[in-house]
1. Taking 0.36 nm per residue of sequence separation and subtracting the Cα-Cα distance, how much length would be gained by fully extending the chain between Glu165 and Lys231, in nm to one decimal?
2. Specify the angular offset, from 0 to 90 degrees and rounded to the nearest 10, of the alpha carbon long axis of helix 427-448 from the longest principal axis of the alpha carbons in the chain.
3. Could you give the length gained by full extension between Arg435 and Arg95, i.e. 0.36 nm per residue of separation minus their alpha carbon distance, to one decimal place?
4. Could you derive backbone 3J(HN,Hα) for the range 113-119 from the dihedral phi with the Karplus parameters 6.51, -1.76 and 1.60 (θ = phi - 60°), listing whole Hz in sequence and x where the residue is Gly or Pro?
5. Run the quick spin-label model on Glu124 and Glu240: label points 7 Å from Cα toward the beta carbon, then report their separation in nm to one decimal.
6. Along the positive direction of the dipole of the range 281-359 (beta-carbon charges: Lys, Arg +1; Asp, Glu -1; about the Cα centre), which of Leu342, Val296, Leu317 reaches farthest?
7. Helix 402-421 versus the longest principal axis of the chain: what is the Cα-based angle in degrees, 0 to 90, to the nearest 10?
8. Using every Cα-Cα pair within the range 168-228, state what percent have a distance larger than 13 Å.
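The values are calculated or read from the model by the stated rules, or taken from the named source; none is laboratory data. Keep in mind it's a predicted model, so treat the numbers as computed, not measured. FYI the Cβ positions are ideal-geometry reconstructions off the backbone, even for glycines, and counts take in every protein chain you see. What goes into the accessible areas is simple: the full protein's heavy atoms, side chains included, and nothing from ligands, DNA or RNA. Shrake-Rupley method; radii C 1.70, N 1.55, O 1.52, S 1.80 Å.
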Amino acid sequence: MCGIVGYVGQRAAEDVIIDGLRRLEYRGYDSAGIALFNEQELFVEKHAGRLSVLEGYLSANPHRDARLGIGHTRWATHGAPNDVNAHPHTGCTPRFAVVHNGIIENYNELRRELMARGHRFVTETDTEVLPHLLEEVYAGDLATAVFEVVAKLRGAYALAVVTSEDPNTVIAYRQDSPLIIGLGQGENFLASDIPALLPYTRQTVVLDDGDLAVLRSSGVSFYREGKEIEKDIFTVTWDEVAAEKAGFDHFMLKEIHEQPKALRDTLSGRILEQGTNLAEEIGLTSDMIKGINRVVVVACGTAYHAGLVGKTLIERLARIHVEVDYASEFRYRQPVLNPNDLVIIISQSGETADTLAALREAKRQGCTVVAITNVVGSSVSREGQHVLHTWAGPEIAVASTKAYTTQLAALTLMAIELGLGRKTLKVTRAQELLRGLREIPLQVGEIIAQAEKIKAVAEHVAKSEHVFFIGRGLDFNVALEGALKLKEISYIHAEAYAAGELKHGTLALITAGTPVICLFTQAELQEKMVSNVEVVRARGGYTVSISSCCADVTGTISDVEIRLPETDPLLAPMLSVVPLQLLAYYAAVTRGADVDKPRNLAKSVTVE
Ligand code: AGP
């Protein structure tokens, strides 16, 4: 996730900005930059790599007389992580400097229009359209110009803007990406997250969507739709560690709560009226899509579980045979691959050694490789021939949550694209799924709102040493993910089973009070599932249903029922996993486990 810091006041702006960006480092970034104004020159310095690289250049070329500036740490989305693509961005002339968090969905059309009017672009970023637009509309007042520019934008963006034509002003604008103002005495601050402000002030104003702030050393004024407004001042009471987690007790809980935004960002700009633009985005031609005779999905852990869901989605919608392989097994089974195979590599970090090795083996055998990853510039991202990024933002907790749900969103788009491309999926059915997909972020938020009920279940489950997760079809795939979540952070032994498989052995382990988490989202399988759960109940199992179908029954066969919002069965995994994430989280907290850094585990397994 990118970091933004801005300052105007009596101090050396670079000190405040660099210190602030360092306090946002935990959010993950791949480049950093700063714009400083000392009333003579608008100076911009930006480099790929860590903040220390930028500091090296600043100490060689200091601008300590600058009392105003903006800074940025970039988590690359559009454009590789390099010096040119780093923020701040300027236009044809160094009159405006802009830093930006978020995604400008319509940047391509804006860029084309600006180039047609003679503007010269030097970066691959969506952000660069902003200073060029400012050059066209600026007529002496920066706030007015920013309002005119944002009226042309679609997407999510938090902006900070300075101009060499106004040495006292920093403009901040927020749309769907956080920005917070820090109020000082004779100085004022802005940042994308509270930790950057804490050494200087705890008096803050949180901007809402559509808010613009004008920061000067004398004070800050706020506007919306061009009119001045009043904003409440919020006194921050968090300590710095709590602030990094935005007030949540753990990164994992913060990241579970970030899923609505992560899903919105991942879907942003990829859903069209008649389908998706995925093939164009990742460079799959129509002939390539028609020529696929098999799909092989390769991943590890949670990403593997996402791949299992992807198998069903692609087989149902594109009618292509799909195999799913553990990356650690794939290479060693000497897979028989051919050029008509589409190999889908899934990796949140993009650095998992086994998964990267599988990608290289698939390329060696001449397959078409699509990489689904959350980290731009990662090895998987660089070596994948066709890359589909999830926009979940950095995932800090070892237990993967928002990466999983955004991988499912990406795989759903992929399955729809393949189905439409091979004419196995009607446009009307695709539109129905896409309408459902648009609803998912909101519905995930509705489930998170049930956290207290899920927490109560977790506190009961936390007393057990063995927990089972059962489901059929896609519910079984999600049960596997739920079991992994619980065991990896609470250290409770958990197993997932295809519900129909229980009677072939595992049922022997179900005794009075054994918790069994039952997933009910696949209506076509509900009757079988009900009888499987009744068998568990007859042995005294403690059944918890996570359900969005057969409401008339699940209540009678469950000790506890967590109802999910209604959605298409193919989209249900993005919803049914959320209670399982929260269940694992609260069980781990109840047992006093180290939730964000569970024993023996690493966030990215870069060794085989
Ligand atoms: C998931 O909660 C685990 N932390 C782990 O299984 C993880 O999903 C696996 O190591 C794969 O990581 P990747 O997606 O970064 O390749």
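1. 21.0 nm is the gain from fully extending Glu165 to Lys231.
2. Long axis of 427-448 versus the principal axis of the chain: about 80 degrees.
3. Computed gain between Arg435 and Arg95 is 118.1 nm.
4. Those phi angles translate into 4, 5, 5, 5, 9, x, 6 Hz.
5. In this crude label model, Glu124 to Glu240 measures out at 3.5 nm.
6. Leu317
7. 80 degrees
8. 56 percent
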